[in-house]
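The values are calculated or read from the model by the stated rules, or taken from the named source; none is laboratory data. A quick note: this is a predicted structure, and the numbers were derived from the prediction, not measured. Because the Cβ atoms are built from the backbone with ideal geometry, glycine has one as well, and the counts that use them run over all protein chains shown. With ligands, DNA and RNA removed, areas are computed over all heavy atoms of the protein, side chains included. Shrake-Rupley method; radii C 1.70, N 1.55, O 1.52, S 1.80 Å.
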Amino acid sequence: METKELRVNGKRLQGALEEMAKIGATPNGGVQRLALSDEDKRARDLFVKWLRQIDLEVRIDEMGNIFGRRKGTNNDLPPVMSGSHIDSQPKGGRFDGILGVLGALEVLRTLHENKVETKRPMTVVVWTNEEGTRFAPAMQCSGVWAKALDRDWIYDRTDINGLRFEDELMRIGYKGDTPAQRSDVHAYYEYHIEQGPVLERENIKIGVPKGIVCLHWYDIYLAGEANQVGPTPMEGRHDALCAAAEMILKVNELPARMGGNLVATVGEIQNEPNSRNIIPDKVHFTVDIRSWDDALGIKAWDLLKQDFEVIAQKRGCPIRIEETWRVAHSPFDTKLVQNILDVSNDLGYSSLGMVSGAGHDASYMNQIAPTAMIFVPSIGGRSHVEVENTKWEDCEAGTNVLLHCMLRSANE
Ligand code: GLV
Ligand code: MN
Ligand code: MN
């Protein structure tokens, strides 16, 4: 068979996705595989087994990143790499991340069974803790690998129960020996669901992002004065939750105030002591700001921070702000973006340029290697939820695009 006739096995891909989705399955059809949880470990074990079945050389690095390498005919050349993440959001979906992992595996399975040789080696990768929901920030271990984040800072990050990242990584048996250090990569393609409404609305098969927006995360800690709610008069209270409520609305109003292309969200809050008859004295909440325009994102934060300080002062609730994480917007490699457009066209799939509003490990990979992403439609534009869904035929189509993009780059 001519290489250009080669196609992935859609049924096999579906089978792999369905088997993976059993690990951490939730009652309403989603998955919960928080980073470094028992479910994450079980999913990794299954994936590593699948890598070994097609004779890939498997390496686990000190951040738990998993690499499966397929030899080329010239192994001195930097590889073509593709992958994504196995971890999920709480009550997350069956496609976010894992489609890119199992899509890349399906590409290598297809090459293996057809005994296709490539000039460059090819590597499938799983990056640890992309979601950042259990241990903030997100995209941690591609960040360490790309030398953008500090290994020991990540090791010391704790979850809501005070458990350390490194301890949990060791507990699940995935702290490997290989240093998490970037090496040359010829091209990095990440395959993912769109997670938004555009492709479905426009009836397009393949989304081709020109890049990823910037992501800025902040953690806000407020102190109030706890007291019995009945006898304590309304005047003179220091209610940390009311201060947070006022601040949260400021976050929600921020995009309209800034104009331009920006979104801002508070998605997580902890309130203490969280009793209906005690005035709250300790609140933590998060702020997530994203934009294609880095400077607009920072300007928005500067205004918001001033508002927060005024509100904290007015309500007598001292505030502590942590500027937890910033990743600049990531404009992808134009040649790889063009490869994806051309391959989609060759395969007869409609395609559309867009911007990724979701963060991906591709953000950090883009800082060190030519990078681009392939998107397929999300039904109803829903993601990070149990009903997240993508048609099987679209999963297959995107994987065929990935196959031929990887082949192109691997034979250069
Ligand atoms: C990652 O899933 C993000 O976009 O926050
Ligand atoms: Mn993802
Ligand atoms: Mn996600």
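Taking Gly15 as the residue in question, decide whether it is of a type outside the set (A, V, I, L, M, F, W, C) and buried (at least 24 other Cβ atoms within 10 Å of the Cβ). Steps first, please.
Numbers: of a type outside the set (A, V, I, L, M, F, W, C): yes; buried (at least 24 other Cβ atoms within 10 Å of the Cβ): no.
Taking the combined requirement at face value, the residue does not satisfy it.
For the stretch 249-271, filtering for residues that are in contact (Cβ under 8 Å) with a residue 12 or more places away in the chain and not in a helix (DSSP H, G or I) leaves 12. Only one of the numbered conditions (1) more than 25 Å from Glu309 (Cα to Cα); (2) more than 16 Å from ligand 2 (Cβ to nearest atom) is violated by Val213, and that is (2). Every listed requirement among (1) within 14 Å of ligand 2 (Cβ to nearest atom); (2) open to solvent by less than 40 Å² (accessible area, probe 1.4 Å); (3) over 20 Å from Val48 (Cβ atoms); (4) not acidic (Asp, Glu) is met by Phe165 save one, (1).
The set of residues in the stretch 169-227 that are closer than 30 Å to Lys282 by Cβ, open to solvent by less than 20 Å² (accessible area, probe 1.4 Å) and within 16 Å of ligand 3 (Cβ to nearest atom) contains only Leu215.
Checked against (1) open to solvent by less than 50 Å² (accessible area, probe 1.4 Å); (2) under 19 Å from Arg315 (Cα atoms), Val266 meets all criteria but (2).
Within the stretch 52-81, take every residue that is over 15 Å from Ala180 (Cα atoms) and assigned to a strand (DSSP E or B) and give me the one that is most open to solvent (accessible area, probe 1.4 Å). Even if it seems obvious, please write down each step before you answer.
Step one: list which residues in the stretch 52-81 are over 15 Å from Ala180 (Cα atoms), which gives 52-57, 69-81.
Applying the additional criterion that residues be assigned to a strand (DSSP E or B) yields 57, 69-70, 80-81.
On the way: Glu57: 82, Arg69: 56, Arg70: 38, Val80: 0, Met81: 7 Å².
Among them, the one singled out is Glu57.
Name every residue in the stretch 357-392 that is small (Gly, Ala, Ser) and within 14 Å of the chain's Cα centre (by Cα), in order of residue number. Gly357, Ala358, Gly359, Ala362, Ser363, Ser383, listed by residue number.
Pull up the stretch 92-121, narrow it to residues that are within 16 Å of ligand 3 (Cβ to nearest atom) and part of a loop (DSSP other than H, G, I, E, B), then point me to the one that is surrounded by the fewest Cβ atoms within 10 Å (Cβ to Cβ). I'd like the intermediate steps shown before the answer.
Initially, the stretch 92-121 is screened for residues within 16 Å of ligand 3 (Cβ to nearest atom), giving 92-103.
Now drop any that are not part of a loop (DSSP other than H, G, I, E, B), which leaves 93-97.
Details: Gly93: 27, Arg94: 24, Phe95: 26, Asp96: 28, Gly97: 26.
Once the filter is applied, the top-ranked residue is Arg94.
Kindly provide the set of residues from the stretch 30-47 that are open to solvent by 10 Å² or more (accessible area, probe 1.4 Å) and assigned to a helix (DSSP H, G or I), ordered by number. Can you show your working first?
Going residue by residue through the stretch 30-47, those that are open to solvent by 10 Å² or more (accessible area, probe 1.4 Å) are 32, 34, 37-39, 41-42, 45-46.
Across the stretch 30-47, the qualifying residues are Asp38, Glu39, Lys41, Arg42, Asp45, Leu46.
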